[in-house]
1. Looking only at segment A:72-93, which residues are hydroxyl-bearing (Ser, Thr, Tyr), surrounded by fewer than 19 Cβ atoms within 10 Å (Cβ to Cβ) and facing chain B (nearest Cβ under 10 Å)?
2. Quick test for you: out of B:Tyr244, B:Tyr277, pick the one residue that is farther than 18 Å from B:Val352 by Cα, touching a residue at least 60 places away in the same chain (Cβ under 8 Å) and touching a helix residue (DSSP H, G or I) at 6+ places or on another chain (Cβ under 9 Å).
3. Look at B:Ile356 and say whether it is touching a strand residue (DSSP E or B) at 6+ places or on another chain (Cβ under 7 Å), over 29 Å from A:Ile43 (Cα atoms), touching a residue at least 60 places away in the same chain (Cβ under 8 Å) and not in a loop (DSSP other than H, G, I, E, B).
4. Where in segment A:378-481 are there helices (runs of 4 or more DSSP H), lying fully within it, with 2 or more residues that are hydroxyl-bearing (Ser, Thr, Tyr)?
5. Could you tell me which of the residues A:Gly171, A:Gly108 is more than 11 Å from every other protein chain (Cβ to nearest Cβ) and modelled with pLDDT under 95?
6. Which of the residues that make up segment A:239-262 are among the charged types (D, E, K, R) and either in contact with a Phe, Trp or Tyr (Cβ under 7 Å, 6 or more places away or on another chain) or buried (at least 17 other Cβ atoms within 10 Å of the Cβ) (or both)?
7. Within segment A:476-497, which residues are more than 29 Å from A:Glu255 (Cβ to Cβ) and surrounded by 17 or more Cβ atoms within 10 Å (Cβ to Cβ)?
Amino acid sequence: MKKNTKFNLLLAVILIGTNFIFGGTPVSDENTVLVPVKEDPTISFRLWFKVGSQNDPAGKEGLAYITSAMLAEGSTTSRTYEEIVSALYPLAADYYANTHVEQTVFYGRVHKDKLDKYYELYTDALLNPAFAEEDLNRIKSQVLNYLENSLRYSSDEELGKAALYNFVYDGTPYGHFPQGTVESVRSITVEDVQAFYQENFCRENVVIGLGGGYDKKLVKRLQNDLGNLPSDGTDSSVTAPEPAEINGRELLIVEKDANATAISIGFPIDILRGEREWYALALANSYFGEHRNSSSHLYQVIREARGLNYGDYSYIERYPNGGRRSKPMQNVSLRQQMFEIWIRPVPNETKHFVLRATVRELEDFIENGLTEEEFDLTQQFFSKYVLHYAPTTMARLGYALDDKFYDIDGSHLENLRTIIPSLTREEVNSTVKKYLQSEDMKIALVTNNADSLKSALVDEIVSPIEYATPKDKEVYEADKVIREYPLNISADDVRIVRVEEMFEK
Amino acid sequence: MSKNLGRLFVLITLGVMMTKTVTAGIFPYDYKVNTLENGMKYVLIPLESPDVVSYFSVVRTGSRDEYEPGHSGFAHLFEHMMFRGTKNFPGDVYDEMVTRIGADGNAYTTDDYTCYYMTFANPDLEQVIMLESDRFQNLEYSEEEFQTETGAVYGEFRKGRTSPWSVLYEEMHELAYNVHTYEHTTIGFEEDIKAMPTMYEYSQSFFNRYYRPENVVILVVGDFDEGETVTLLQKYYGEWEPGYVAPKITAEPSQKEPRARKVEYPGRTLPILDVAYKGPAFGKNKDDMAAITLLGDLAFGENSALYKKLVIQEQKVQFIAPGFEKNRDPGLLHIFSMVKAKEDVDYVKELVAETIATYQEEPVDKATLEELKSREKYQFLMNLDTPASVAHNLARYIALTGGIEAVNEYYEALVNASPDDIQQVAQTYFVENARNTIVLKGAE
C-alpha cells in the first residue's frame, strides 16, 4: 500500500499535541447512555457525535459524511487501513459510521471474548485517525459513484425522496444531501477533513452509548479514553432550520428516461416525538400510510384496489433506507420534521391520476379523520406493532440515545406502549387537523416527458385511467372523480431539472 | 434469561476452543421436530423472549419449480396472492384480523422457496395458527383480484428494473442455464409477467400442486407453550389433504465451455464484472459448500489479498466480493466487482482468474483458515439474537433440505474443512469450462 509516511508522522504529532494540551477530561455520566443486558454475551457500542450534514461548511457539502467515513474506513497513525481490516476480521466484528443531518453514530457489536482487541481498534479509529490522502481518494470515489450513478440512475424512488428533502429545506442547513454534491465532494481535501474533525468530532459533542453484557470498568475506560478526543472549546452547534414558507403546491420534476414515475410529497410540521400530540399524529399516520404495511390506507387505495404500484406510505419523521427497512432507523433524529408521502413507482401513463388520487386522499383524511372503526382497528394494530421497533440491544441503545436528543423524560418506546392505547379518536382527528394540511406542499416527481406533464398539470387536463383488468364498481365510481380532481398548480410553481443536474453542485 | 439463551454464550465459547471436531452441533438451542400424518413437518424452538413468538411457514417451492414454459414468476406471484383471503375469511376480513394482531410480518420468495413470516405477542398464537393454516388450505380469490395483483407484481418488476443489478442477475441466469429453471430469476421473465393476467386457472393449478403439507415446514421460535402449540398445529393443519406434485425439473447438463456476454444497461453505472461458476447442490454436498464458502472469503472477501490490492492499494474497483449461493440444485458461485474504469475490466478479470489458479495450485495457510472458521461461527451465532433472526437464519437450510439438521452438518463440515479441501473445491468447481462471465456497462 502506498502511504505518505511523512505526512502521517506530522499528523500524529499534531494529534498527540492536541490531546496533550486539551484532552483528558473524561466524558461525563450525563453524556453516557447505558442499556445493560447482563446475560448478553455481546457488547454493543454506539457513540453519538452531535454533528451531521447540517454542519457542513458552504461549498464543502458532504464533509461530515466523508470525515466520519475516514474514521470508520481509514488508517490510524499506528495502523494502515489494510492492517485494521486484517485485525478486525477474525473478531467477527466491525464498526461503522452513519452520518445523517444532525447526528453521526459510530456503532459496532462484539462478543465479550473479543472485547479487548476490538476496543483497541475501535478507540484507535476515533482518537488517532491518520487522514491519509489515499483513504480520502478511495472514500471520495465511493461517494461520487453513489451520487453520479447509483442515486441518479439505479433507484428512482430514492432519487425522488432525496430531491424532495433538498426541495423542502432549500436554503437551510438541512437543504443538501448528507453525501453532498459532486462539485463539493471533489473539492474536499485532507486539510478540510482534519479541520472538521478537530472542530466537530470533539469531546463536547460526544455521547457514549453502551449496551449488552459490558461491565462497569468498560464504561469508565471508555469515558476516560474519549476524554482524549480533540477539544477546542468552540461551540459547533447549528440553529434548527426555518424552512421557507411554501405557497401552494410547488413541483420539482426530475426528468430522465424513466420507465415508471416515482412521487414524493412533503411539507414541514411543527411537532416532535415526546409530546402526547406526536403519538396521536403517529397513530393517524399509521392509519393513513404505515410504512411497508398493507394496513396503510394509501396502499389500499393505490396498490390493493387498483394494482398501480408496489406500495404507498406516509411519515411524520424522516425514514432513511425505507426501501430496505421495515422498521424505523435510530439516530437520524431531527429538530425539524416533515410530513411525507412516498408513492412507489407507478406506470408513466398513470402519474397524473395517481398524484390526483393521493392529494384527494390526503384532503379527505384531514377533513374527515378516522372513523370509529378505523380508529379502533389502527389503535389495536399500532399498540402491538410498536413492540417490534427495538428487538435487539443495539436498537434499544439507539432509541435511548434518541431520547436524549429529543430530551424525552422517560422513554419514547415506553411512551409508544403507554400513550397509544390511551388516545381517543377525537384527540387523534383534531391533531391531524392541527398539524396537517394539503394546500401548501412540495412535490417531487422522477419521470419522463416533463414538459407534457407540466402542461397537463397546469391545465388540469382530465387524466382518465384504463385498467388491464376489471375492478370493483366503487373503484370506477371514485375514478370518475379522481380523473378531474383539481390540483391547483400554477406554471410558475413547476420546475424541471434534468437528472444529470441533480446533486451536481 | 432462558436456558437456550444461556447456551448461546456457552456454545460460542466452546466453539472457539474446539478446533477440529464438533461433536455437539453448532446450533445452540434445543429444538423439536415432528411430522403430522399428512406429511407436514414442524420445528419448535422455545426461547425466553418475553411474550414474543415468530411463526414461519416455509414453502419448499420457489422460482426453481416454475418448469412450464411461459409461467415464470408464479412462485413470487403467490407470495402476493396468499394475502387475498379465503372463503372463511375473505380478503378484507383477513386483513382486519391480521392487522389487529399487530404482527411484524411479510413474505419473500427466492429461487428455492417462499417464506411467510410473522412475529407477534404470544396471546395471538392460536389466532395466527388458525389464520395461516386456513389460507394455506383454503385460499380463494376471484379472477379480478388475481388480475389486480398481477399489476402489483409488474409494478415490482418495474421498480427493480432501474437497478443494474437486476439486469445483471437476469442476464447471468439466462447465460448460465439452458434447460434448468434457474434460467429465470425469481421475479420471472418480463413477457411472462405481462401475460400473467390471462392465467387465472393456471394459478389455481400451481397452488394445488405446491401448497400441500408435504411441501411445507412450519417453524415456531420464541416464547410459547410447546404442548399447547403441538395441539394447535395438529388441530388446524391435521386435516390438510396431501397431494404435492413434484415439479419436473430438468437437470442442467454440465457446461462444456466458458460463456461470456456483454450487457448494455440503459442508465449510468460503473462497469460491473460478474464471473460465475456452477456450484454444487447444497443438500448432497454440504462439505463442498462449506469449503467453497471458506474459499470465497479467503480469495475474494474483505481480508483477501485481491481485495486489498484492488480496493485499498490500487483503488481500481469500488468493491470485489464473492456471492456464493446455497441452492437446492447446482447454483451459481459469483465473483462480483464494480470497476472504476472500463479499461480495467480485463485486468480485474485476469486477476480473478490468477487468484483462482493460486488456490488451485497451493493449499491455503492453516492459521488463516482457522481464523476464518472462527469468524464464520461467531457471525452465525451472534446473528441468532431474536426469535425472528433465528427463524430467518434457519429458513434457507430448512427449505433446501427439509430439516434443521443441515445447519449442524454444514457448520461441522466448515469446522473440519482442511487446506486440502479448499484446494480440492477450487480445482473441482472453479474450472474454465464452467465459467460464465458478464461485463455490464452503462450508457455513456
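The values are calculated or read from the model by the stated rules, or taken from the named source; none is laboratory data. Not measured: the values here are computed from a predicted model. Note that each Cβ is placed from the backbone with ideal geometry, even for glycine, and that neighbours are counted across all protein chains shown.
1. A:Ser86
2. On the way: B:Tyr277 fails: farther than 18 Å from B:Val352 by Cα.
Criteria check complete, one pass: B:Tyr244.
3. Details: touching a strand residue (DSSP E or B) at 6+ places or on another chain (Cβ under 7 Å): no; over 29 Å from A:Ile43 (Cα atoms): yes; touching a residue at least 60 places away in the same chain (Cβ under 8 Å): yes; not in a loop (DSSP other than H, G, I, E, B): yes.
Criteria not met by B:Ile356.
4. Values: elements: A:393-405, A:412-419, A:425-435, A:450-458.
Answer list for segment A:378-481: A:393-405, A:425-435, A:450-458.
5. Details: A:Gly108 fails: modelled with pLDDT under 95.
Matching residue, one of A:Gly171, A:Gly108: A:Gly171.
6. Going residue by residue through segment A:239-262, those that are among the charged types (D, E, K, R) are A:242, A:245, A:249-250, A:255-257.
Passing the criteria: A:Arg249, A:Glu250, A:Glu255, A:Lys256.
7. A:Ala478
A quick yes/no check of all residues on (1) within 18 Å of B:Asp297 (Cα to Cα); (2) at pLDDT below 95; (3) within 14 Å of another protein chain (Cβ to nearest Cβ):
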{"residue": "B:Leu332", "(1), (2), (3)": "yes, no, no"}
{"residue": "B:Met338", "(1), (2), (3)": "yes, no, yes"}
{"residue": "B:Tyr359", "(1), (2), (3)": "yes, no, no"}
{"residue": "B:Arg375", "(1), (2), (3)": "yes, yes, yes"}
{"residue": "B:Ala391", "(1), (2), (3)": "no, no, yes"}
{"residue": "B:Ile404", "(1), (2), (3)": "no, yes, no"}
